[in-house]
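Chemist: Supplied in structure tokens, the structure appears directly below.
Any read-out appearing in this document is the output of simple, stated calculations on the displayed coordinates, not a laboratory observation. Everything quoted here is computed from the prediction, not taken from an experiment. Here the Cβ is made from the backbone with ideal geometry for all residues, glycine too, and neighbour counts use every protein chain on show.
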Amino acid sequence: MPKAARRVCKNADVTAPRKLSADDLLILLAVGRAGRFVTAAEELGLNHTTISRRIAALEQSVGGRLLARSAGGWELTELGREALSAAEAVESAVRSLAGPAGSRTLEGVVRMSATDGFSAYIAAPAAAHVQQRHPKVSVEIVTVTRRATQQRSGLDIEVVVGEPQVHRAEAARLGDYRLGLYGSREYLDRHGMPTSRSDLADHPLVYFVDSMLQVDDLDLARTLAPTMRESVTSTNVFVHVEATRAGAGLGLLPCFMADRHDDLLRVLPADVGLLLSYWLVARTETLRRPEVGALIDAIRTRMDDQREVLLGGA
């Protein structure tokens, strides 16, 4: 072949679109779900450099950016979400080789965040139920009390208190729970049981650290007892429960946590109480994953089973 012809062929190879790879799509799927190259690399048994190179190759194939860097890792672009749908179709086709849908084995990691109490008494039992039925599914639970994040890289599900304002995600109400005011038997024996809201001014309050509380609905709870001075405060509701049991003051506690302890008594139940709601937030593409659906179903079942307990009725 003449040199000029060889140069033309070489240039054509450089500019020609790269053939789309199903393997690269599955790598994008892992990164899109994990939000981080390193996490996706660990799951796939590859190294970070390989992940980066394969994503770059896929972007060359489709002719645009699929991922954008965010504060929490990597977020899918609009083109990336379209490519992710194709990747899910590839994954579904691969899974179908394992047998009929009813007999298919679920597997993968589901990552969720939720408040301390929800994580312990709702999410953990639900996760155990999923794991018993689907041993290849693992669930990672991050405990945090905050608003729903706008950049949810690395998370499949968020559970928050109060109706969230989100974009590029779906929000669904899971159910209600009640906050009540509690004191330990020993504390109330020493200081007396309040008989009216005005009596609360004589007692210290155990609750969240005011300057660090990020949830508007939980902040509203302070209006139930505005005259109470702060005692022990914490970002962790289990600390609230134990400080109240230890006699640090009256604790504004979730009824489903406080009622588990015989040494805690509800104070002014008819006058001091607040009904709050748990909401689930997830991206649309995440909700299509069967292992995520299995965990959400288990969470909803647990919420239904614990409804009276959550409302302080048991």
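Chemist: Neighbouring Cβ atoms within 10 Å as the yardstick, rank Lys19, Lys136 fewest first.
Modeler: Working: Lys19 8, Lys136 11.
Sorted ascending by nearby Cβ count, the order is Lys19, Lys136.
Chemist: Between the DSSP loop rule and a limit of at most 15 other Cβ atoms within 10 Å, which trypsin sites (Lys or Arg not before Pro) in the range 250-302 are left?
Modeler: On the way: sites: Arg260, Arg266, Arg283, Arg288, Arg300, Arg302; in loops: Arg260, Arg283, Arg288.
Loop-located and lightly packed - Arg260, Arg288.
Chemist: Once you order the gyration tensor axes a ≥ b ≥ c over the Cα atoms, which shape class does the range 176-276 get: rounded for a/c under 1.5, otherwise prolate or oblate by comparing a/b with b/c?
Modeler: Rounded.
Chemist: Still on this structure, please answer the following. If you take the Cα Rg of the chain and divide it by 2.2 N^0.38 Å, with N the number of residues, what do you get? Kindly include the intermediate steps, with their values, before the conclusion.
Modeler: Details: Rg = 25.5 Å, N = 314, 2.2 N^0.38 = 19.6 Å.
In units of the globular-protein estimate, the chain measures up at 1.31.
Chemist: How big is the dipole moment of the chain about its Cα centre under a simple scheme where the beta carbon of each Lys and Arg is +1, that of each Asp and Glu is -1, and everything else is neutral? Debye, nearest 20, please.
Modeler: 1780 debye
Chemist: Using alpha-carbon pairs under 8 Å, 6+ residues apart, how would you state the relative contact order of the chain in percent?
Modeler: Answer for the chain is 20 percent.
Chemist: Something else now. Run the simple label-point estimate for Arg260 and Gln60 please: 7 Å along Cα→C-beta, distance reported in nm.
Modeler: 5.4 nm
Chemist: Ok, one more. In debye to the nearest 20, how big a dipole does the range 206-291 give about its Cα centre with +1 on each Lys and Arg Cβ and -1 on each Asp and Glu Cβ?
Modeler: 160 debye
Chemist: Rounded to the nearest 5, what % of DSSP beta bridges with both residues in the chain are antiparallel?
Modeler: Taking every DSSP beta bridge with both residues in the chain, the antiparallel ones total about 65 percent.
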